[in-house]
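Student: My questions will all concern the structure given below.
Readers should treat all values here as calculations from the given coordinates under stated rules, not as data from a laboratory. Quick caveat, the model's predicted, so the values are computed rather than measured.
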Amino acid sequence: MGKPTGIERRQHPRAVVSWPVIIKSSRGLMAGETKDVSYTGAFISCREPLKPNELLEISISVSLLSPRIQVIAEVVWSNPSSSDEEIEPRGMGVRFAKIDTTDHEMISALVADHLEITDKG
């Protein structure tokens with residue numbers, strides 16, 4: 001299953017941010033990086049994207065000064081390969097299924113701050 005095309009299906013605005021992530025799945029541990037994040041999910045660029053409906057644990061490093069954000073997420077769509085990695089990087093879209101209130105508030109604030117800066121710039 002590939003990335004949805006055509007009509008924009010996102011309900012929440014996304015902030016373009018590159019945060020390192022560690023993903024724990026049935027395959028073990030792997031590294032990745034967010035390319036964009038919303039209040040409810042993210043696109044994660046990684047070498048071996050997982051299949052839709054798979055649950056994973058994600059540890060997000062938003063800054064060196066903040067503790068890592070811990071999230072249980074579900075893969076919504078996956079882009080396992082791309083002929084042009086610059087246009088459409090390999091990765092997966094995830095929906096946050098379980099996230100601590102404090103961590104959710106931190107992501108929401110960071111996304112809102114980023115969108116505000118982008119809108120002004």
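Student: Pop out the ³J(HN,Hα) list for the range 96-102 in order, Karplus 6.51 cos²θ - 1.76 cosθ + 1.60 with θ = phi - 60°, rounded to Hz; leave Gly and Pro as x.
Tutor: These are the phi-based 3J(HN,Hα) values: 5, 8, 8, 8, 4, 4, 4 Hz.
Student: Mind listing the long-range amide H neighbours of residue 36? Cut-off is under 5 Å, sequence gap 5 or more, other chains count too, H placed in the peptide plane at 1.01 Å from N.
Tutor: The answer is 17, 43.
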